[in-house]
Amino acid sequence: MALKIGITIGDINGIGPEVIIKALANPKILKSFTPVIYGSYKVLSYHKNIVKESNISFHSVQNGKQAIPGKINLVNCWDDNVNITLGKATAESGKYAFISLEKAFSDVQDGSIQAIVTAPINKYAMQMSGFPFPGHTEYFTSKDNAAQSLMFMVSEALKVALVTNHIPVSQVSEAITKDLIIDKIRILNKTLIEDFGLERPFISVLGLNPHASDDSLIGDEEEKTIRPAIIEVKKQGILVNGPYAADGFFGSGLWRKSDVALAMYHDQGLVPFKALSFGVGTNVTAGLSFIRTSPDHGTAYDIAGNNVADESSMQKAFFTAVDMVNNRNEYYSSRENALVRREKQTAGLND
């Protein structure tokens, strides 16, 4: 069965539709999966006129179940005539990005598609439209009824996950607890094994304070919260170490010796990640019942409509989603087959 990947249109005033169109022009796409865009034919036609060199066409369907392999399928989520104001955050752009998300989630929930790749949204536009979440990660976590999720940045060079996501720096210390860190490490270990095919992943945990507090000379979160969490999950058989001073960890190249770094807050993890991998990275939401990825950039209002946006990260998000779905399917299939074999062996012995 052809793998179906849902693609949300994102903010219609940003570069999301442009990079979707450019990425889908890659001939490898239709050989790898069946794309299903959740958006509007009128909006995509507008942006397609900006990407003049694109000759892709869209096949209209009512939902992901109807998607046809070998075609770029489009679920027309609205018929309204939309005012596109390139480079500006508007309540209208937030409204239609929200509608796209809702329809894609509905289809992934009933199995019509196997993963969702989200084009960038603008948080201010989303708030103006009544979107009650800080971002995609929190939206999908809530909709999927997940107890906890994990924001996880992935590239061939580096993998970085976050304990806290979109909260003010002033609230980070209070938000970080031993239980939260344990939950994040467990989710991270699980996704590395099931979705990335790593049999025994090694996780490095960063400290919160400068120099990882220098033995509690600069704060005490490392000794009171972070280190006890690390000790706890080590007892559970997870390969984890730390806490490491973030500057030394990345500056010395120590990050190359582990599979992933777990950062305490947004910029602690994303600054080094984007310095090393910007434009070729993928944002993953781990801990969900389905696969969700997105490019590692935002709406880029400053270049919207200029036909200069680079689609590389969107393509990476597509192929990362495909790999994750295949890895997860293989992981569970191999264990189901092993269980069947054991049951047959047990039955044979009883005979």
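The values are calculated or read from the model by the stated rules, or taken from the named source; none is laboratory data. Keep in mind that this is a model prediction, so the values were computed, not measured. Cβ atoms come from the backbone with ideal geometry, glycine included; neighbour counts cover every protein chain shown.
Please enumerate the residues belonging to region 117-149 that are under 12 Å from LEU101 (Cβ atoms), of a type in the set (Ser, Thr, Tyr) and in a loop (DSSP other than H, G, I, E, B). Hit for region 117-149 is SER129, nothing else.
Taking the conditions (1) assigned to a loop (DSSP other than H, G, I, E, B); (2) surrounded by fewer than 20 Cβ atoms within 10 Å (Cβ to Cβ); (3) polar (S, T, N, Q); (4) at pLDDT 95 or above in turn, SER173 satisfies each one other than (1). Quick check, is ILE193 more than 30 Å from LYS316 (Cα to Cα), modelled with pLDDT of 95 or more and surrounded by 15 or more Cβ atoms within 10 Å (Cβ to Cβ)? No, not satisfied.
Residues in region 189-204 that are within 18 Å of THR225 (Cα to Cα) and of a type outside the set (Gly, Ala, Ser): ILE203 alone. Being at pLDDT 95 or above and either among the small types (Gly, Ala, Ser) or out of contact with any strand residue (DSSP E or B) (no Cβ under 6 Å at 6 or more places or on another chain) (or both) is a description that does not apply to ILE7. Listed by position, the helices (runs of 4 or more DSSP H) inside region 227-306 whose residues that are more than 21 Å from the chain's Cα centre (by Cα) number at least 1 are 227-235, 246-251.
For region 224-238, give me each residue that is of a type outside the set (A, V, I, L, M, F, W, C) and in contact with a helix residue (DSSP H, G or I) (Cβ under 7 Å, 6 or more places away or on another chain). If the condition is that a residue be of a type outside the set (A, V, I, L, M, F, W, C) and in contact with a helix residue (DSSP H, G or I) (Cβ under 7 Å, 6 or more places away or on another chain), then THR225, PRO228, GLU232 are the ones that fit.
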